[in-house]
Amino acid sequence: MKTISICITGPESTGKTEISRVLGAHFKAPVIKEYARDYLNQLAREYGRDDVLKIGEIQLAAIKEAQAKKPFLLFIDTDLSVINIWLSYKYDFISDGLNLKMKANAPSHYLLMDADLPWEPDPLRENPAERKILLRLYEDLLRKYNFSYSLISGTGMQRKQNAIRVVEEILNQNQTIACPA
């Protein structure tokens, strides 16, 4: 059976990593962590476009490595959708090769984190005033490629419960497809 992969994506400071951890623990499933933070924290200089592309390559390799183990369910804390938006928004750069990789490696479903949480400062975050704009870019991207997605809103426990509910619905749909009556 094919792995059901759920990617948590969206603007900065919207709880992607927290939701990824919560879902992984709740469903006892592996979580592919976001690589960008590790990469950027070890840089002794300002990052550039090539660094963002490199982050995308490493993130995709980690996703493929996890999928090769064929888990039933896999959670991904960001994927090439983030790289696509990051390159487009910050550098006005669109890569056809990246878009092809993004389409070829799309998860089963995206959980798009709404920009309805308060901004939490972090040295690696850059766009506190543009989160709603970025959210719209994510929605446009997911629609453009006809990717399956759900918008996850709410704060605290409500947000976590909303994400869990969507994943449970996806799992139920996949059981129905796998075992038709």
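Remarks
- Against the conditions (1) surrounded by 20 or more Cβ atoms within 10 Å (Cβ to Cβ); (2) assigned to a loop (DSSP other than H, G, I, E, B), R45 satisfies every one except (1).
- Selection of the range 94-106 for residues being surrounded by fewer than 18 Cβ atoms within 10 Å (Cβ to Cβ), modelled with pLDDT of 95 or more and in a loop (DSSP other than H, G, I, E, B) yields only N105.
- Of the criteria (1) in a loop (DSSP other than H, G, I, E, B); (2) free of Cβ contacts under 8 Å to residues at least 60 places away in the same chain; (3) surrounded by fewer than 19 Cβ atoms within 10 Å (Cβ to Cβ); (4) in contact with an Asp or Glu (Cβ under 8 Å, 6 or more places away or on another chain), which one E34 fails: (3)
- On inspection, K16 passes the criterion of being under 14 Å from the mean Cα position of the chain (by Cα) and at pLDDT 95 or above.
- Hits in the range 145-165 (condition: under 17 Å from L135 (Cβ atoms) and part of a helix (DSSP H, G or I)): R159, N162, A163
- The condition of being open to solvent by less than 30 Å² (accessible area, probe 1.4 Å) and not in a helix (DSSP H, G or I) holds for only one of L141, L112, that being L112.
- Of all residues in the range 118-138, none satisfies the criterion of being in contact with a Gly (Cβ under 6 Å, 6 or more places away or on another chain) and assigned to a loop (DSSP other than H, G, I, E, B).
- Checking each residue in the range 107-130 for being of a type outside the set (A, V, I, L, M) and modelled with pLDDT under 95 picks out P118, W119, E120, P121, D122, P123, R125, E126, N127, P128, E130.
- Residues in the range 1-31 that are open to solvent by 60 Å² or more (accessible area, probe 1.4 Å) and closer than 20 Å to L134 by Cα: E18 alone.
- Meets criteria (of a type in the set (K, R), under 23 Å from Y47 (Cβ atoms) and open to solvent by less than 40 Å² (accessible area, probe 1.4 Å)) for R131: yes
- Residues of the range 59-90 that are surrounded by 14 or more Cβ atoms within 10 Å (Cβ to Cβ), free of Cβ contacts under 8 Å to residues at least 60 places away in the same chain and over 12 Å from S5 (Cβ atoms): Q59, L60, A62, L80, I83, N84, I85, W86, L87, S88, Y89, K90.
The values are calculated or read from the model by the stated rules, or taken from the named source; none is laboratory data. Everything numeric here is computed off the predicted structure, so don't read it as measured data. FYI the Cβ positions are ideal-geometry reconstructions off the backbone, even for glycines, and counts take in every protein chain you see. Surface accessibility is based on the protein's heavy atoms, side chains included, excluding ligands, DNA and RNA. Shrake-Rupley method; radii C 1.70, N 1.55, O 1.52, S 1.80 Å.
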